[in-house]
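First the structure, in the form of structure tokens, and then the observations on it.
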Amino acid sequence: HKNSRNGDVSRKADSRSKGDAGLMFHYKDVLALLQHPDYAEKDDSITAGIIKEIREKNLVYVSESLLGSSEFGRLVFRRAPADILFTGYLIDLLMFIVKHQHDNGGGDDGGSVSFPEREFIFRVYTGIGRLRDILDESQTTLRFDTLTKLLKKVLSGIRVPFYGEPLGGVQVMGVLETRALDFENVIWMSVNEGVFPARHSGSSFIPYTLRKAYGLPGSEQQDAVYAYYFYRLLQRTRRMTLVYNTRSEGLFTGEMSRFIYQLKFSSRFNIRERSLAFNLMQPEERPVLIEKTDGIMSRLMEYTDAGPDGKYLSAAAINSYMDCSLRFYFRYIARLPEPDTVTGEIDMAAFGNLLHTAAQLMYTPFTGKEIQAADIDALLADNEGIESYVRDAFSGVLKEGGSVVGGEQLTGINLIISGVLVTYLRQLLLVDRKLVPFTIEALEKKYFGKIPVGREGERFNVRTGGFIDRVDLVPGMVRVVDYKTGGDDADFKTVQSLFERGDSKRRKAVFQTFFYAWLYLENSGNKPRVSPVLYQVRKFFGDQPLVISQKPGGNVANPVWDFADYRNEFEAGLEAVMAELFDPKIGFSQAGDRDICKYCPYSKLCHRG
């Protein structure tokens with residue numbers, strides 16, 4: 001669940017069985033353990049390869065066989081016994097942690113486990129071992145839920161005492177260890193009511209009233225014992241600092257202990273009170289500006305004729321620069337790609353990729369052929385065939401559990417989304433049926449273009465390119481089609497408005513489709529009219545025309561049937577953007593419109609996240 005965006009998503013079970021795939025583990029649990037700084041295998045190429053495969057293939061559930069390729073995975077990711085033998089599973093894990101960290105070297109005694117952690121592991125190991133021995137001797141059979149409750153009860157009662165060297169300076173100890181010791185200076189932490197003295201939950205089945213009536217010890221006697229410890233330590237102390245927390249949270253009231261109140265109202269002590277608070281206000285935001293150094297300019301020149309073959313600026317890159325030049329710098333100059341993450345649900349980007357891929361698979365057999373109404377009707381009648389295109393799209397774009405191939409069934413939310421995609425593909429066919437006959441010239445084909453730039457007597461060409469979703473040949477016209485699954489609008493005021501910098505409402509989808517039409521014309525020579533078309537899935541179910549329209553003002557809409565009417569002005573806008581991008585005097589700066597920063601992956605780098 002992509003950062004769940006709002007937090008973690010609770011799961012009833014952390015693992016599941018999937019037929020022949022065996023035991024499967026949720027990726028969040030797997031990555032949390034494989035990447036743990038203390039318990040995972042360090043500098044291990046096998047573990048690193050598993051993590052890489054999980055992210056690259058978007059494995060929401062990871063198979064036991066994949067995880068078993070490492071020693072750590074074989075030990076942890078297996079079916080744990082649901083009986084007394086479960087204690088042996090836990091002991092094996094503890095032994096692996098100690099052995100693995102000792103083998104890594106370091107630490108205060110040759111191991112990388114610090115003293116408190118070593119002591120914690122030993123106490124947990126001892127507690128689990130004792131419980132196992134008792135259950136073995138009594139030959140008691142317990143249900144797994146009962147065993148886990150017993151384990152939690154045993155582990156919650158474990159206490160790790162502090163040890164110190166008397167001549168080593170500062171001593172850290174509990175209140176019981178101070179009963180026969182005197183100190184000149186004492187710093188006492190967490191002197192809050194409910195912490196010292198602690199709250200009493202009443203661990204006896206004898207009611208308080210009966211205990212009181214028969215003189216049995218109760219909470220008052222316990223408080224009296226700790227009052228004695230408190231004042232005995234205070235007896236010969238010259239300076240005592242009592243620290244308590246004033247923050248209220250949940251059942252924690254933030255109230256000082258009753259013993260502090262007693263000291264405050266006693267005339268025998270000189271009491272001084274201090275309140276410490278941290279000012280956590282964000283510092284004043286400062287603008288971020290990256291000047292174009294020689295190194296940065298050399299990176300930019302890689303996108304020109306002078307650079308190595310293969311590098312070009314796409315429509316997405318140019319859109320990114322016009323939205324926020326600093327984002328362009330981070331992504332294309334500093335080369336800080338967004339981190340690979342696993343998404344347990346399909347976001348809008350993945351959904352768009354699925355629709356693109358399924359539509360491409362469906363129309364690939366018809367590339368270069370004239371499509372008639374009978375061809376569309378045959379596709380509409382073959383619902384199983386459309387579903388197979390969707391399944392194949394899943395196998396190529398988003399792999400569920402490592403493999404969604406052929407006849408394997410989708411599950412959960414992916415099954416619902418596959419049904420939505422089938423509906424969209426059927427509507428796409430109904431829309432295209434109104435165009436017959438037409439010919440698909442190209443599907444997902446890459447086109448390239450060049451934009452001339454002049455700078456201080458120097459002239460060079462910037463390489464551009466991109467994949468056009470679909471190119472159709474209809475009588476008297478070529479249609480350059482771009483699929484859109486988002487809420488992009490298909491209208492614009494002027495061509496100049498498509499190049500406005502830092503405007504969150506700029507028509508990026510229209511710019512991208514115009515850019516593809518320009519690329520097509522750059523590669524096609526003299527062709528009939530070229531019409532840029534936005535196939536917006538939200539308009540598939542209505543009577544709205546799937547065309548781009550210019551709305552200079554009011555309700556007047558002028559459909560764009562021929563891109564040639566806008567080509568010169570569009571080319572001028574592209575040349576102006578490239579001239580600014582390759583001007584060494586103009587640096588990379590933040591967007592003025594903060595709405596652009598909402599979903600920017602680099603917003604934290606410039607303190608806007």
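The values are calculated or read from the model by the stated rules, or taken from the named source; none is laboratory data. Remember, predicted model here, so these are calculated numbers, not experimental data. As a convention, Cβ positions derive from the backbone with ideal geometry for all residues, glycine included, and neighbour counts pool all protein chains shown. In case anyone asks, the SASA skips ligands and DNA or RNA and just uses the protein heavy atoms, side chains included. Shrake-Rupley method; radii C 1.70, N 1.55, O 1.52, S 1.80 Å.
Run down the aspartates and glutamates and flag those whose C-alpha is under 16 Å from the C-alpha of Lys152, throwing out any fewer than 8 positions away in its chain. Straight-distance partners of Lys152: Asp83. In a simple Cβ point-charge model (Lys, Arg +1; Asp, Glu -1; nothing else charged), the chain has a dipole of about 2040 debye relative to its Cα centre. Between the listed residues Asn555, Gly88, Gln221, the Cα displaced farthest toward the positive end of the dipole of the chain, a dipole computed from Cβ unit charges relative to the Cα centre, is found at Gln221.
Over 25 Å between C-alpha atoms is what I'm after, so list which of Lys28/Lys153; Lys445/Lys493; Lys450/Lys527; Lys445/Lys527; Lys28/Lys445 land there.
On the way: Lys28/Lys153 27 Å; Lys445/Lys493 30 Å; Lys450/Lys527 19 Å; Lys445/Lys527 18 Å; Lys28/Lys445 37 Å.
Among Lys28/Lys153; Lys445/Lys493; Lys450/Lys527; Lys445/Lys527; Lys28/Lys445, the Cα-Cα distance tops 25 Å for Lys28/Lys153; Lys445/Lys493; Lys28/Lys445.
Charge tally for Phe460 (other residues, Cβ to Cβ under 11 Å; Lys, Arg +1; Asp, Glu -1): +2.
Scalar couplings 3J(HN,Hα) for the range 497-511, obtained by applying the Karplus form with A = 6.51, B = -1.76, C = 1.60 to θ = phi - 60°, are 5, 6, 10, 5, 7, x, 10, 5, 9, 4, 7, 5, 5, 5, 4 Hz; x denotes Gly and Pro.
Excluding same-chain neighbours fewer than eight residues apart, the lysines reachable from Lys99 by a Cα-Cα span under 16 Å are Lys42.
By how many degrees, 0 to 90 and rounded to 10, does the Cα axis of helix 45-56 deviate from the longest principal axis of the chain? On a 0 to 90 degree scale, this one is about 50. Ranking Phe467, Gly129, Ala48 by Cα position along the charge dipole of the chain, where only Lys, Arg, Asp and Glu carry charges on their C-beta atoms, puts Gly129 farthest toward the positive end. For the chain, the solvent-accessible area with a 1.4 angstrom probe is 58 square angstrom per residue. Computing semi-axes √(5λ) of the Cα gyration tensor in Å directly from the structure and comparing it against (1) 35, 30, 24; (2) 56, 26, 23; (3) 65, 34, 24 singles out (3).
How many percent of the accessible area of the chain is carbon or sulfur, using a 1.4 Å probe? Intermediate results must be reported in sequence, preceding the final value.
Details: 18600 of 35320 Å².
Carbon and sulfur atoms account for 53 percent of the accessible area of the chain.
What does the charge count near Gln262 come to, summing +1 for each Lys or Arg and -1 for each Asp or Glu among other residues with Cβ under 15 Å from its Cβ? Spell out each step's value before the answer.
Details: positive: Arg232, Arg258, Lys264, Arg268; negative: Glu193, Asp223, Glu255, Glu273.
Net of charged neighbours comes to 0.
Using a 1.4 angstrom probe on the protein heavy atoms only, could you order Thr364, Thr209 from most to least accessible area?
On the way: Thr364 75, Thr209 100 Å².
These residues rank, largest area first, as Thr209, Thr364.
For the chain, adding -39500 (n - 2.57) for each run of n ≥ 4 DSSP H residues and dividing by the number of residues yields -12000 deg cm²/dmol at 222 nm.
Using the alpha-carbon atoms, what tilt in degrees (0 to 90, nearest 10) does helix 115-138 show relative to the longest principal axis of the chain? Its long axis makes an angle of about 80 degrees. Using θ = phi - 60° in the Karplus curve 6.51 cos²θ - 1.76 cosθ + 1.60, the 3J(HN,Hα) couplings for the range 455-463 round to 8, 6, x, 9, 10, 8, 10, 8, 7 Hz; x is entered for Gly and Pro.
Remark on Ile440: its backbone amide H falls under 5 Å from those of Gly368, Lys369, Ile371, Leu473, a criterion applied only to residues 5 or more positions apart or on other chains, H modelled at 1.01 Å from N. For the set Lys292/Lys604; Lys508/Lys598; Lys311/Lys446, the pairs lying more than 18 angstrom apart at their alpha carbons are Lys292/Lys604. Close amide H pairs (under 5 Å, H built 1.01 Å from N) link Met477 with no residue at least 5 positions away or on another chain. Between the amide H of Ala591 and those of Leu326, distances stay under 5 Å, these residues lying 5 or more places away or on another chain, with hydrogens modeled in the peptide plane. The string of couplings for the range 333-338 from the Karplus curve (6.51, -1.76, 1.60, θ = phi - 60°) is 9, 6, 6, 9, x, 5 Hz, one whole number per residue in order, with x for Gly and Pro. Working from label points 7 Å from Cα in the Cα-to-Cβ sense, the Lys153 to Asn461 distance is 8.1 nm. So what's the net charge close to Lys446: Lys and Arg +1, Asp and Glu -1, counting the other residues with Cβ under 15 Å from its Cβ? Combined, the nearby Lys, Arg, Asp and Glu give -1. Helix 219-234 and the long axis of the chain differ in direction by around 90°, with both axes built from C-alpha atoms.
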